[in-house]
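A short write-up of the structure that comes next.
FYI, it's all coordinate maths here, none of it is from the lab. What you see is a predicted model; the values in this text were computed from it and never measured.
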Amino acid sequence: MTNFYSETEVKQIMQAVDKERDTDPFDGLDTIKVFVATPSGGQVDVIAYDNHRDIIFELGNIQRHSKFRFFTGTTGRMMVTYARETIAEEAVKLGMDWILFFDDDQILPRKLFLALARHMNKADIICPLVFQRVYPYKPVLYKLQYQEKEIEKDGIKHKVAYAQTDQITDYPVNEVFYPDATGFGCVLVSTKLLKAMKQPWFFSNTNLGEDIWFCRRAQEHGFKVLCDTRIKVGHLSIPRSIGELDFIEHNKKDLAELHKDEIEKLKKNIEPPKVGVFGED
């Protein structure tokens, strides 16, 4: 079910947002153009599709009562580095002020945009709290440490700088803080930052992913990353395929004798052999 803002509600939210600002970044501006973009859209889960549709309707309702103007786009299925670079390039070309990136596996909370927008005067990369979709489900928030490593190539020793990424698991709960980098599953980025840095923005020949590399470059240009851990975004995980071992695991008492070998495997946490659809190797 789609949730719409009333005009009164939007005005109340905007007033609350303005109270949290030291200065109003919207003064003297007719509109604030926001490019709402999914870096890779293709085989999208229906849960995410419905959620994103509701968010787009919500943004349209915000547009009716504010200076924000929203424009949507996607690149289609391609490597994420190319997708982010293409979106950023188009946003600058079209005169956008901000880009709201969210991946096609993110589950976004209601009022996400205005919750992020209240920090527009504090940082140029603004993110909610997002976790990895695989175990151990750590937050995609990082502290960067720069080190030198000596490598040898063609008999010649070289010193190369590299960044060590430590995930921040002791983040402040329900507060605002400034990590060194964030994953880009859901993030609000100022195009002012893009204009200050040379292209390519997201391509790197380092050990860093495209999003962390982007944050590192932003830091070098004096820009900050802000995370508001009160804003919590879901991340669709890898779906499980239920099979015989799941059945046995949940019915051990009744199947103790019949499936004793399989139960022993479960106790030892041994994976069953990989077989084809009809049981052949």
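One table, with the values for the structure above:
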quantity: Taking only Cα atoms of the range 176-230, radius of gyration then Dmax in Å; calculated: 11.0, 34
quantity: Listed pairs 67/93; 33/149; 111/195; 192/232 exceeding 32 Å between Cα atoms; calculated: 33/149
